[in-house]
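A short worksheet on the structure shown next.
Read the figures in this text as sums done on the coordinates, not as results from a lab. As the structure is a computational prediction, the values presented were derived from the model and not from experiment. Because the Cβ atoms are built from the backbone with ideal geometry, glycine has one as well, and the counts that use them run over all protein chains shown.
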Amino acid sequence: MVGKNTERIPRRPPPNFEESEESFMNGVLSDGIFSVALDDVNQYGPHAMIMLLFAFATATALVLMIGESLL
């Protein structure tokens with residue numbers, strides 16, 4: 001079985017990646033938080049994904065708190 005691809009899920013080719021010389025916030029904001037988080041256009045992709053997680057968690061908590069106060 002030498003030379004045969006034995007991976008059950010084939011790997012996708014890596015995305016286009018550009019090293020950013022800017023600081024963390026400027027690197028995320030210069031390329032857009034969604035493109036950095038979802039498309040990994042620079043090295044701050046995981047950091048931008050965590051920022052999105054906190055933003056959506058905060059929005060969800062606010063909706064739940066406002067909904068609870070209306071009942």
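Annotations
- Tilt relative to the chain, helix 45-70 - C-alpha long axis, 0 to 90 degrees, to 10: 30
- Between residue 8 and residue 43, the modelled labels are 3.4 nm apart [label points 7 Å from Cα along Cα→Cβ].
- A simple charge model with +1 on the Cβ of Lys and Arg, -1 on the Cβ of Asp and Glu and nothing else charged puts the dipole of the chain at about 520 debye relative to its Cα centre.
- The chain, relative contact order [Cα under 8 Å, separation at least 6], %: 23
- By the count of other C-beta atoms within 10 Å, a proxy for reagent exposure, 63, 36 are ordered fewest to most as 63, 36.
- Where chymotrypsin sites (Phe, Trp or Tyr not before Pro) fall in DSSP loop in region 16-47, at most 15 other Cβ within 10 Å: 17
- Efficiency of FRET from Cβ geometry, residue 54 and residue 19, R₀ 25 Å, rounded to 0.05: 0.50
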